[in-house]
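Encoded as C-alpha cells, the structure appears first; notes follow it.
Readers should treat all values here as calculations from the given coordinates under stated rules, not as data from a laboratory. A quick note: this is a predicted structure, and the numbers were derived from the prediction, not measured. Cβ coordinates were reconstructed from backbone atoms using ideal geometry, including for glycine residues, and neighbour counts include every protein chain displayed.
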Amino acid sequence: MKKFVATALAVLAVTGAARADVLTERNMPLDIAVEAAQAAVDACAAKKFNVTAAVVDRAGVTRVVLRADRAGPHTLDSAVRKAFTAASFRTPTQKIAENVGKNPAAAQLVSIEGLLVLAGGVPVKAGEETIGAIGIGGAPSGDIDDECARAGIDAVAAKLK
C-alpha cells in the first residue's frame, strides 16, 4: 500500500508540474500601429527627410508600413527589418549596433535572416511588456531614424498604459 501511495503522489506531482496556464499577452493593435507610423513619418518630414515607417507586433510580424512620398525603395526593407530586429531582441537597434561593435562574437548577428543591425528600430512597450516595435528607414543617419521612431512612440504613449 505504501508503494501505491508513493506512486500516486509522484504521478500527481508530475502532472501538476506539467500543467501550464494559458498565456495572455498584450500585442500591437492596428490603430496604434497606424498612428505611430504616421507620427514617425511626419516627424521626419518636419526635418525634410522622406522615410518609411514600419510597425511590427510582438512577434515581429508586420502590422503597417507607410512610405513617404519620395522615400527611396530601399527604405521599405530597412524599416521592416529594423522593426523586426527591435521586436526580436526587445532592444533598440541603436543599442544592438553598439554592442555588436564592441563584441566581435556578436558580429555574426548580421547573418541572421531578417535582422538589420542599424539604428532606427525601437521597441514599443505597454508598461514593461514589449508589444511591438517601430522601424524607420531613409533619414541620412541612424540617429535621425531613431529620433523619428521615438517620436512615433511618443505620439501614442498615452494609449500604451
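Of note:
- Subset of segment 27-51 that is of a type in the set (Gly, Ala, Ser) and more than 17 Å from ASP69 (Cβ to Cβ) - its residue that is surrounded by the fewest Cβ atoms within 10 Å (Cβ to Cβ): ALA33
- Segment 132-161: number of residues that are in contact with a helix residue (DSSP H, G or I) (Cβ under 9 Å, 6 or more places away or on another chain) and in a helix (DSSP H, G or I): 17
- When segment 72-109 is limited to residues that are small (Gly, Ala, Ser) and in contact (Cβ under 8 Å) with a residue 60 or more places away in the chain, the one that is surrounded by the most Cβ atoms within 10 Å (Cβ to Cβ) turns out to be SER78.
- Hits in segment 105-131 (condition: part of a strand (DSSP E or B) and acidic (Asp, Glu)): GLU129
- Of all residues in segment 110-122, those satisfying the criterion of being surrounded by 17 or more Cβ atoms within 10 Å (Cβ to Cβ) and small (Gly, Ala, Ser) are ALA119, GLY120, GLY121.
This table checks each residue for (1) in contact with a Gly (Cβ under 8 Å, 6 or more places away or on another chain); (2) among the hydrophobic types (A, V, I, L, M, F, W, C).
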position	(1), (2)
THR62	no, no
ASP77	yes, no
PHE89	no, yes
GLU129	no, no
ASP146	yes, no
ILE153	no, yes
